[in-house]
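Novice: Before anything else, here's the structure in question.
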Amino acid sequence: MSAANTSASANNSAVATDPLAGLRDIHMPVEIGYWPLAPGWWLLMISAVVIMALLFWSLRRYRLNAYRRHGARQLEQIHQQYFAAPETGDAGKEYLQQVNRLLKQVYITQGQVNRVAGLSSQRWLDELQRVAPGTSLDSFSASLTSLYAPTLTLKETDVVAVHQELLKWLRSHKLSLLTATRNGEHEHA
């Protein structure tokens, strides 16, 4: 036993002199995989998809409403030309003709040529009112019905009222309410 005691005492003296000799090796942890993703990554991906969809929708809406912005600019130019031009007897008639032409151009840019080509007077006003039910076109209606009267007197207040009504109509009309039917007529969708 004395040989066993001497080797045990030698080991104890080695352990006592080197305290790290009795430790086990370091084991590396298992690698962290990419899947399943942490909740933060899911939230980031969903947010990115929502933001891209909103951007796409906004851009599409902006492009689809380009004709409205163009029509509003044209209406503003007509309005400014009326007030900048010297007062003549035909200034009111010219203003109403230009405004009426502009409204028909708005329809034509939306592919409604056949719908508005033959409309005039009350049928035209009814059509304008139909696609923008919430807007009032009273001043425009009164002015337009007197357009072909022998003497047309259009006051500045009438021009301003017509301008405001038509700006509101341009912003609020819904030409998408028009749907083509088989016989070429259009009806309320």
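The values are calculated or read from the model by the stated rules, or taken from the named source; none is laboratory data. Just so we're clear, the structure is a prediction, and the values are computed from it rather than from any experiment. Heads up, the Cβs are rebuilt from the backbone with ideal geometry, glycines too, and the neighbour counts pull from every protein chain shown.
Novice: All but one of (1) surrounded by 10 or more Cβ atoms within 10 Å (Cβ to Cβ); (2) free of Cβ contacts under 8 Å to residues at least 40 places away in the same chain; (3) more than 21 Å from the chain's Cα centre (by Cα) hold for P86, so report the exception by its number.
Specialist: (1)
Novice: Kindly indicate whether any position in the stretch 24-34 is free of Cβ contacts under 8 Å to residues at least 60 places away in the same chain and assigned to a helix (DSSP H, G or I).
Specialist: No: zero hits.
Novice: Taking interchain pairs and intrachain pairs at least six residues apart, which have beta carbon atoms under 6 angstrom, with the first residue in the stretch 48-68 and surrounded by 10 or more Cβ atoms within 10 Å (Cβ to Cβ) and the second in a helix (DSSP H, G or I)?
Specialist: Within 6 Å, the pairs are Y67/T109; R68/L170.
Novice: Within the stretch 137-151, which residues are modelled with pLDDT under 80 and in a loop (DSSP other than H, G, I, E, B)?
Specialist: S146, L147, Y148, A149, P150, T151
Novice: So, L144, is that one closer than 22 Å to H70 by Cα, surrounded by 14 or more Cβ atoms within 10 Å (Cβ to Cβ), of a type in the set (A, V, I, L, M) and touching a residue at least 12 places away in the same chain (Cβ under 8 Å) or not?
Specialist: Judged against the criteria, L144 is not a match.
Novice: In the stretch 95-122, how many are surrounded by fewer than 17 Cβ atoms within 10 Å (Cβ to Cβ), part of a helix (DSSP H, G or I) and modelled with pLDDT under 85?
Specialist: Residues that pass the stated criteria total 6.
Novice: Counting only residues that are without any contact (Cβ under 8 Å) to a residue 40 or more places away in the chain and more than 15 Å from L144 (Cβ to Cβ), which one in the stretch 91-127 is farthest from the chain's Cα centre (by Cα)?
Specialist: Selected residue: G118.
Novice: Can you tell me which residue in the stretch 152-181 is surrounded by the fewest Cβ atoms within 10 Å (Cβ to Cβ), limited to those that are of a type in the set (A, V, I, L, M, F, W, C), outside any helix (DSSP H, G or I) and modelled with pLDDT of 70 or more?
Specialist: Filtering first and then ranking leaves L152.
Novice: Here are G134, G184: which of them is at pLDDT below 70, over 21 Å from E76 (Cβ atoms) and in a loop (DSSP other than H, G, I, E, B)?
Specialist: After ruling out the rest, the residue left standing is G184.
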